[in-house]
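A short write-up of the structure that comes next.
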Number of protein chains: 4
Amino acid sequence: MLGSGFIARFYADTLHAQRRKDQIISVYSRDAANARRFAEDYRLARHDTDMEKTIAAENIDAVIIALPNHLHEEAVLACARLGKAVLCTKPLGRNAAEAKRMLEAVEQAGIFAGYLEDLCYTPKFLKSLSSVKAGALGRVLWTKSREAHPGPHSDWFWDKALSGGGAIIDLGCHCVEIGRNFIGKSVRPVEVMCWADTQVHPIEAEDHAIGLVRYENGAIGQFEVSWTFRGGMDLRDEVMGTEGTIWLNSFLRTGFDMFTTGKGAEYVAEKAESATGWLFPVGDEAHELGYPHMFSDMFDAIEEGRPPMETFYDGYVVNAILDAAFLSAKSKNWEKVILEDWRGDRQTSHEKSHISYNEQYYLIKKEILPNGDEKLILKEKTTGKVVQETKRK
Amino acid sequence: MLGSGFIARFYADTLHAQRRKDQIISVYSRDAANARRFAEDYRLARHDTDMEKTIAAENIDAVIIALPNHLHEEAVLACARLGKAVLCTKPLGRNAAEAKRMLEAVEQAGIFAGYLEDLCYTPKFLKSLSSVKAGALGRVLWTKSREAHPGPHSDWFWDKALSGGGAIIDLGCHCVEIGRNFIGKSVRPVEVMCWADTQVHPIEAEDHAIGLVRYENGAIGQFEVSWTFRGGMDLRDEVMGTEGTIWLNSFLRTGFDMFTTGKGAEYVAEKAESATGWLFPVGDEAHELGYPHMFSDMFDAIEEGRPPMETFYDGYVVNAILDAAFLSAKSKNWEKVILEDWRGDRQTSHEKSHISYNEQYYLIKKEILPNGDEKLILKEKTTGKVVQETKRK
Amino acid sequence: MLGSGFIARFYADTLHAQRRKDQIISVYSRDAANARRFAEDYRLARHDTDMEKTIAAENIDAVIIALPNHLHEEAVLACARLGKAVLCTKPLGRNAAEAKRMLEAVEQAGIFAGYLEDLCYTPKFLKSLSSVKAGALGRVLWTKSREAHPGPHSDWFWDKALSGGGAIIDLGCHCVEIGRNFIGKSVRPVEVMCWADTQVHPIEAEDHAIGLVRYENGAIGQFEVSWTFRGGMDLRDEVMGTEGTIWLNSFLRTGFDMFTTGKGAEYVAEKAESATGWLFPVGDEAHELGYPHMFSDMFDAIEEGRPPMETFYDGYVVNAILDAAFLSAKSKNWEKVILEDWRGDRQTSHEKSHISYNEQYYLIKKEILPNGDEKLILKEKTTGKVVQETKRK
Amino acid sequence: MLGSGFIARFYADTLHAQRRKDQIISVYSRDAANARRFAEDYRLARHDTDMEKTIAAENIDAVIIALPNHLHEEAVLACARLGKAVLCTKPLGRNAAEAKRMLEAVEQAGIFAGYLEDLCYTPKFLKSLSSVKAGALGRVLWTKSREAHPGPHSDWFWDKALSGGGAIIDLGCHCVEIGRNFIGKSVRPVEVMCWADTQVHPIEAEDHAIGLVRYENGAIGQFEVSWTFRGGMDLRDEVMGTEGTIWLNSFLRTGFDMFTTGKGAEYVAEKAESATGWLFPVGDEAHELGYPHMFSDMFDAIEEGRPPMETFYDGYVVNAILDAAFLSAKSKNWEKVILEDWRGDRQTSHEKSHISYNEQYYLIKKEILPNGDEKLILKEKTTGKVVQETKRK
């Protein structure tokens, strides 16, 4: 385990729960005290402030990178050099160039490399994705992924040079990859339009942004990210298809409602912004956020010699899309997604098929009105003229 | 009542319910059969195919325009000419130029003119707005208004020349005005970014669009409109402020859930896309959509000699914003909102105030971590450097 | 208007809203100051402390009784004597004997008499009832109606002698009549089992009770009432039928969620137990509670010479059921509902029909298992033996 | 693994997921083909139709009983005889006498014995319980646990002699133990009132029941169970305390909503009663139902030499409560819970403490009315008289 902060603890809590067989052996931190404390808390045999030594140790099969964004590349390159399987937290890089170097390093070294994109492993997401792939929603037209809360946990997040950006890089990486999965990873992301602003916090980076990613088949992947939200952590996704709709709420409304006057107790609800009144805890936070399913896929993939569901290549594509988002926020134009290394479909057509009503007309809509009348909206095939027919009940 | 279609019936149902004292006297329709049927259904004394005659009749105090978009101007000008109070359905015009002519006509004629923007009168909206104005959410940063369903009820909606556009003009007018109310009507809308596409239907106009309206104070009013949604009518609004959040759901999740196998009955749920399985009816549709409160405000305003909450000027501003949206969908740039007649505040600053932690630092965030530690994220006032302090529990 | 307290104000607010034509003329209160304040607040021409005089006034067509429970009988008898239409708030009497005397008085006087059971007029209830009557749920098996909050608004509620009981008489009257409507007013309520206790408040009457009303056709009408609930006002109903299910939430979860830190404002949410954190206001409280539809039905019924949907006879049946509930809470047995005056069906059979699978078997259940197998659970018609058949996918 | 049916498969799916270290070695079934199929599906080394031999095998550390209710005792006695740790599915026995014999057998044998009550291990339940124990709800007054669906999966469930009853024994065992946990396992259950009926299915046993369990401290544990529910699987719990409220929904409303026209696909949603329209899947069914946390607690307990959270003694208490419920459904009286072996508190008082307002009065309620007035409801300490004070705003 490289890193001993908030996310490293979440990972460790997950791996140490539910009688899992995979064990954390040692921890590296730049800060000796933090390394020692982490090792104590999780009863690890070793802790160190020397990253290379930690990675190189003999009984280490895989390395988990839970470091700040600006240290990912260094750590990945070390793993590649030392030939150790590597799992890197999100975002992969601060930008596509960094991500591409990491991707190339692990591919040249021939090591296993997994991208720890937990929100693409939540149980709700996995089941949704399987429904979408089974065709339950028809052709996907639009996805929206939203992550908003009052701001991240560590100083480096708030420093653009170290993190690579604000809410876009921190939260947008999740949202973009969720949309990409629903729309199809083989469909090329073409261009991005993004608004971003620093509305509340005394920082340089954006604390609120909305973006639209347009894919080659005409589908839109929308992201909404914010460090200015009040009320807890808002994690919601939506998918619209020609034959259906999915709405997911992964945190604030999951079937767990609690009201407390706060009189009886020193009780404080996790991640909530208030400790009294109506609160909305989640049952098992790590599970709801996808950590257990993510690590199961990763270690199963290592054992089975297959790539995981989320790879370094995915991380690279996400960074490329976010690069375009940052550019667009400045230029105020739609910006092309630059993917020097595109491995998906060459060309995806904007597939549309219209429903023929009879020889003369296409059917636009058929509807029963409140007064019982049936109404048909039709379009003449040759002239394009729209007409309606009403049949009285 | 000018018009005898879907919306005219909704208005008439509202006015004839709940023992209201305001009476519909006569109906005008271009089609004699429709006029007669409407008059029969609502037991009106008169029906006609001559608009001017209908308006001019002596016992008519106010005229309700429930006509297709391309006929609004003609009807409004007739009311102005004949000196009758006029209530016009949404959108006011097909574009800002048309709206401006209507606005000027009623102001020159000195007649009462109300803009029938029902979704700014739903009980949930009215109570939300009063909370926002009372400061419950602090400074408003972002609003989102979403209206999506499988498409409108009449042929002319689907013909761009008659309607002025597709989902943007039909649904976006609601969403834009909802956002404008929350952000403040006196705050100038500056520019619009909009994506629009015809993803499903065999029409020229857009059947899906997403737009961002940026206001002078930095707030964003987002709209999401679609004629391609599956699952019923999706009507949701959100507001984010520095001190709070509002989520409104006006149709599909209002505390009314019904499951039916469909075996026992010929029962068909209104506006639902299915008649079996889980259904989500609303209790009183007109009420949930704001019609009763809208007409109460309009007629009260006439009696009290005050402007209604939604005026022709509001309709004009909405059209100007939508004009920019249409332009942006084509140009793929942010487009300025052109308001030749701006009556709000001259300049609104991007007000931000940072919280001083002590002489040296601003406070970015204070947080209790899962392990009980307290963490402070601070920014040095002089250098801008971000640091963190952790106090062990 | 007889009475000037909490419920009288709710009624007056309803009648004075939405441009209704029915006018309140005068108010009676036992307390002169309260009468004057009420008259001022609602701009009434007259106020008085003489009940008889108030009722007898010439321009009064109908009398609304919004008095404490122990004064209903006196007021109803006065209306009967003076021949004025009377609308009486719930519960009709403190017990069935009192209710029966009121019922007989109005019937002998031949006056219109309406029972102001508002929760049987909420928009959600009305639409549900129409679905149930249309057969969408098949045969109704069970209903549950729940009303719970931290306790009522006036002193007399808390005094058993004046009110006739605690939460059972105050809230149970709603719940029982909701269940009775869904199950069918013509189906005889046979017996009641009820638990009641004084769990929290320093009072004699029960502050929490659960009851089951068994109807002749085997259906159960469950009520859950409490003055000890924390979190606001909990108003929920459920209906289970052989072909479907209905869930209604009329107050705390109606599609209106608000979070506020409470910093910016002196804002206080109505009826909520807290003014900060997550709050759940309702859009239009009177509407959600059924008042507008209730008064429309009442006055329409007067004009149309028909009985209203909720009559004094209904009020009497409710009181008879509650009498049995009180008895059961003491005796700890099921207690018969004593209805000397039963106007519904003489006998309703416990109708059940079993599905024949083939000549040999009834079908109990058919199911697809997670592994794809189809499983049939069958019952042999002659022997009653239960067997299963599994067909592998 | 003893048993190869529906629940055995659920257990095996759980144990084989998420890289758990505990392994299933062999399976016993009365039916050789079923045993073989199960062993194949889960890649087990051995399968057998000899129960004793299966239990006795050397490399077996613990035995999981996933057999029909009438075979639990035989299997438990075999484990006791052979000295193997035993985990038995719910309900422990068909009645308290059977459960007591099993309890005594395992205690005399000195073996580990765990009661597989999965719904007391759902993540939502575990977090709720910890909040309740931390005092967030004050004194618990009432709990409600509800489980309802269209009926169970195997023939023996529907045969009273084999199962011990219908919905009460099948589902009530969950609900009773959930309530007992919230109220406190050391508080004695005193008596039970239960209604039960066979409303729909062609069976002898009850397919619908409602029961109230009264505990010595006055708290009520309500259960609602049904095999007649339409709409899927309804799993909801509620807790009311003097300082708060909890509402849990574990299946049909967990933040996962999907609409599908069903056109595109052969997709069938699990456990749903319909495959089109609005569907409400759960992300990870086993997790939502508590299986992973249950097995983790069981195996951790074995390793740590401590009892699990749910023991055979708990199973015995549940059976004793259900015995009283069955008796009450027949006798139509409250029936005592007979616990020959009671290990909890000897006596729990009905603790109530009233809030003193001043020397003269207790405070019943303090409230802000809609018109801004503050109202106090007080009770005179000496006379018990209830009075109110209103302070105008």
Taking the label point 7 Å from Cα along the Cα-Cβ vector, the copy-to-copy distances for D:Lys366, listed from shortest in nm with one decimal, are 2.7, 6.4, 6.5
With the label set 7 Å along Cα→Cβ, A:Lys263 is separated from its counterparts in the other copies, in nm and shortest first, by 2.9, 4.9, 5.7
For the protein assembly as shown (alpha-carbon point model, no solvent) the Debye-based log₁₀ I(q)/I(0) at q = 0.06 Å⁻¹ works out to -0.64
Once amide hydrogens are built 1.01 Å from N within the peptide plane, the residues lying 5 or more places from D:Tyr357 or on another chain with amide H under 5 Å from its amide H are D:Tyr362, D:Leu363
Scalar couplings 3J(HN,Hα) for segment A:279-289 by Karplus 6.51 cos²θ - 1.76 cosθ + 1.60 (θ = phi - 60°), nearest whole Hz, x for Gly and Pro, are 10, 10, x, 9, x, 9, 4, 4, 5, 5, 8
Diffusion coefficient in µm²/s returned for segment D:100-242 by Stokes-Einstein, Kirkwood Rh over C-alpha pairs, 37 °C and 0.692 mPa s, is 201
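Would you mind estimating how fast segment D:6-118 diffuses translationally, via Stokes-Einstein at 10 °C and 1.306 mPa s with the Kirkwood radius over Cα pairs, in µm²/s?
Values: Rh = 14.4 Å.
Stokes-Einstein gives a translational diffusion coefficient of 110 µm²/s.
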Under 5 Å from the placed amide H of D:Asn333, counting only residues 5+ away or on other chains, we find none
Expressed as a whole number, the average count of other chain Cβ atoms within 10 Å around the Cβ atoms of C:295-305 is 1
With a ≥ b ≥ c from the Cα gyration tensor eigenvalues, square-rooted, and the rule rounded for a/c under 1.5, otherwise prolate when a/b > b/c and oblate otherwise, segment D:94-169 is oblate
For chain A, the Debye formula with one identical point scatterer on each Cα and no solvent gives log10 I(q)/I(0) at q = 0.06, 0.10, 0.12 Å⁻¹ as -0.28, -0.72, -0.99
Rounded to a whole number, the mean other protein chain Cβ count within 10 angstrom for residues of C:154-167 is 3
At the level of C-alpha centres, the distance separating segment C:12-76 and segment B:21-77, in angstrom, is 40
Output row for B:Asp345: copy-to-copy label distances, label 7 Å along Cα→C-beta, ascending, in nanometres, one decimal, is 4.9, 5.9, 6.6
Between the modelled labels at A:Ile25 and D:His354 (7 Å from Cα along Cα→Cβ) the distance in nm is 7.0
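Under 13 Å from the Cβ of B:Lys336, count the other residues' Cβ atoms, weight Lys and Arg +1, Asp and Glu -1, and hand me the total. Walk me through the intermediate numbers first.
Details: positive: A:Lys332, B:Arg188, B:Arg214; negative: B:Glu191, B:Glu216, B:Asp323, B:Glu335, B:Glu340.
Summing Lys/Arg as +1 and Asp/Glu as -1 gives -2.
To the nearest 20 debye, what is the magnitude of the charge dipole of segment C:54-98 about its Cα centre, counting +1 on the Cβ of each Lys and Arg and -1 on the Cβ of each Asp and Glu? Show your work: numbers first, answer last.
Details: 4 positive and 5 negative charges, 22 e Å.
Here segment C:54-98 has a charge dipole of around 100 debye.
I'd like the FRET efficiency for A:Lys53 and D:Ala56, computed as 1/(1 + (r/R0)^6) with the beta carbon distance as r and R0 of 56 Å, rounded to 0.05.
Details: r = 50 Å, r/R0 = 0.90.
Step by step, r from the Cβ atoms, then E = 0.65.
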Cα extents of segment C:279-321 along the principal axes, largest first, in whole Å, come to 41, 31, 7
In a Gaussian network model of chain A with springs linking alpha carbons closer than 10 Å, the residue among A:Tyr361, A:Tyr11, A:Tyr115 that fluctuates most is A:Tyr361
Note on chain D: contact order normalised by length, alpha-carbon pairs under 8 Å, 6 or more apart, percent, works out to 16
Note to self: C-alpha centroids of segment B:307-386 and segment D:243-262 sit apart, in Å, by 34
Under the Karplus relation with 6.51, -1.76 and 1.60 and θ = phi - 60°, whole-Hz ³J(HN,Hα) for segment C:196-203, x at Gly and Pro, equal 8, 8, 10, 8, 10, 7, x, 10
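Give me the percent of Cα-Cα pairs in segment A:164-272 that sit more than 20 Å apart, rounded to a whole number.
On the way: 3108 of 5886 pairs.
Cα-Cα pairs in segment A:164-272 separated by more than 20 Å: 53 percent.
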Counting other chain Cβ atoms within 10 Å of each Cβ in C:130-141 and taking the mean gives 6
Placing +1 on each Lys and Arg Cβ and -1 on each Asp and Glu Cβ in segment A:50-192, then taking the dipole about the Cα centre, the residue among A:Pro189, A:Gly110, A:Ile65 whose Cα reaches farthest towards the positive end is A:Pro189
Among C:Pro189, C:Pro308, C:Pro370, the residue with the largest mean-square fluctuation in a Gaussian network model of chain C built from Cα contacts under 10 Å is C:Pro370
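Restricting to chain C, compute how many DSSP beta bridges are antiparallel as a %, nearest 5. It would help to have the intermediate numbers written out before the result.
Working: 49 of 69 bridges.
Taking every DSSP beta bridge with both residues in chain C, the antiparallel ones total about 70 percent.
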In the A-onto-D rotation, chain A's nearest residue to the axis by C-beta, with distance in whole Å, turns out to be A:Lys21, 2
At the level of C-alpha centres, the distance separating segment C:103-128 and segment B:169-213, in angstrom, is 47
Amide H proximity to D:Val86 below 5 Å, modelled H, separation 5+ or other chain, gives D:Val63, D:Phe112, D:Ala113, D:Gly114
Rounded to a whole %, the carbon-and-sulfur portion of the accessible area of chain B at a 1.4 Å probe is 48
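Expressed as cubic angstrom per residue, what is the convex hull volume of the alpha carbon set of segment B:221-378? Spell out each step's value before the answer.
Values: hull volume 43.4 nm³, N = 158.
Measuring per residue, one finds 275 Å³ for the Cα hull of segment B:221-378.
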PRE zone check, label point 7 Å out along Cα-to-Cβ of B:Glu389, amide N under 16 Å, scope segment A:145-189, hits A:155
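Go ahead and run the numbers for FRET between A:Ala134 and A:Asp341, Cβ-Cβ distance against an R0 of 45 Å, rounding to 0.05. Don't skip to the end; give the middle numbers.
Working: r = 30 Å, r/R0 = 0.67.
The pair A:Ala134/A:Asp341 has a calculated efficiency of 0.90.
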Residue by residue through segment A:134-143, the couplings from Karplus 6.51 cos²θ - 1.76 cosθ + 1.60 with θ = phi - 60°, in Hz, x for Gly and Pro, are 6, x, 4, 10, x, 7, 6, 9, 7, 10
With -39,500 (n - 2.57) per DSSP H segment of 4 or more residues and division by the full residue count of chain A, the 222 nm estimate, nearest 500 deg cm²/dmol, is -8500 deg cm²/dmol
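The values are calculated or read from the model by the stated rules, or taken from the named source; none is laboratory data. All of these numbers come straight from a predicted model, not from anything done at the bench. So basically every Cβ, Gly included, is an ideal-geometry build from the backbone, and we count neighbours across all protein chains shown. To get the accessible areas, we keep the full protein, side chains included, count just its heavy atoms, and leave off ligands, DNA and RNA. Shrake-Rupley method; radii C 1.70, N 1.55, O 1.52, S 1.80 Å.
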